[in-house]
Amino acid sequence: MGGGINKGFGFNTGGASGDHTVNTNVSNADLTLDGAHTTDVGANTLTFDSGATNIVQVVGSDDTLQVGGANPYKLPTASGLSVGNCIQSSNATTGTAFRQNGFTIPFRMYADGLNSTNWWYPEPMTNNKALALTSDSAIGFESIPLVTTPNVLRRSIAMPGGKGAQIREITFWASCVDVPGITIPGIKVEIWRFSPVNGGSSDLAGTASVSAEIGATGDSNSRLFRATAEAGGAASIIGQYDFIMPVFRLVFEEAPEELDFDVYINGSISLFYTS
């Protein structure tokens with residue numbers, strides 16, 4: 001009988017059949033999805049490698065994405081859940097996680113014989129106790145903080161690194177002593193932000209970026225009280241050329257006629273870079 005199995009009834013012993021071609025690559029040309037599709041790896045592992053070196057693995061046994069060959073790491077399986085968090089190693093093997101990152105600016109303020117309910121701000125940097133001693137700003141708590149450019153320059157902290165940042169929170173410890181009679185004040189700390197213009201000479205209006213307050217402290221010669229407040233919103237964003245200034249004031253339900261307090265504050269501002 002003449003012919004072969006490749007002919008007659010249309011059987012094919014190998015090679016091409018219809019639209020199928022022998023192909024050991026992902027594709028012979030660029031691919032385009034025709035819709036949304038899912039590949040369920042189950043408990044298996046889908047690996048992209050280069051020879052014997054792994055590049056990326058989708059690990060179905062623990063639902064993670066593993067990157068790298070000799071020293072691979074697994075990406076977190078959930079978002080950071082907070083603005084400003086960063087991915088960093090969480091153990092010495094393959095773990096990573098979102099962790100709070102950023103930097104902290106400490107501040108200290110104190111006043112001996114405080115005698116007004118105005119905001120008190122740091123002494124000029126020519127004083128050898130810069131950003132510790134304070135003086136009366138003459139700015140009332142219901143007023144817009146309007147400060148002259150020399151005072152902004154001398155009493156504030158310039159943003160480090162020339163980068164924009166956002167305040168995450170403020171924390172401070174405070175003690176208010178020499179409380180006369182039964183009058184017991186609280187203490188409020190704010191961080192003011194100023195945005196000077198290069199070469200400008202006009203007074204600068206400050207914006208309250210974040211504030212925290214402790215309630216009535218009493219005569220606390222041997223006691224410290226803590227306040228913490230998270231920041232948020234546009235006011236907490238600090239431009240790369242902005243200045244920030246810590247300020248404080250006493251808070252009364254009804255202020256006494258005569259004020260004479262010693263106030264000691266030690267705190268910090270937590271920030272993270274945004275640019």
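Points worth noting:
- Residue ID - modelled with the lowest pLDDT, chosen from residues in region 42-64 that are among the aliphatic types (A, V, I, L, M) and farther than 20 Å from Pro76 by Cβ: Ala52
- The listed residues are Ala138, Ala158, Ala212, and the only one of them that is under 30 Å from Glu253 (Cβ atoms) and surrounded by fewer than 16 Cβ atoms within 10 Å (Cβ to Cβ) turns out to be Ala138.
- Residues of region 240-264 satisfying the condition of being surrounded by fewer than 17 Cβ atoms within 10 Å (Cβ to Cβ) and in a loop (DSSP other than H, G, I, E, B): Gln240, Tyr241, Phe252, Glu253, Glu254, Ala255, Pro256, Glu257, Glu258, Leu259, Asp260
- Of the residues examined, Asn12 is one that is part of a loop (DSSP other than H, G, I, E, B), surrounded by 11 or more Cβ atoms within 10 Å (Cβ to Cβ) and at pLDDT below 90.
- Every residue from region 56-78 that is within 17 Å of Thr93 (Cα to Cα) and not in a loop (DSSP other than H, G, I, E, B): Val56, Gln57, Val59, Thr64, Leu65, Gln66, Val67, Tyr73, Lys74
- Filtering region 115-158 to residues that are in a loop (DSSP other than H, G, I, E, B) and within 15 Å of Thr207 (Cα to Cα) leaves Gly140, Phe141, Glu142, Ser143, Ile144, Pro145, Thr148, Ser156.
The values are calculated or read from the model by the stated rules, or taken from the named source; none is laboratory data. This is a predicted model, so every value here is computed, not measured. Cβ: placed from backbone, ideal geometry, glycine included. Neighbour counts: every protein chain shown.
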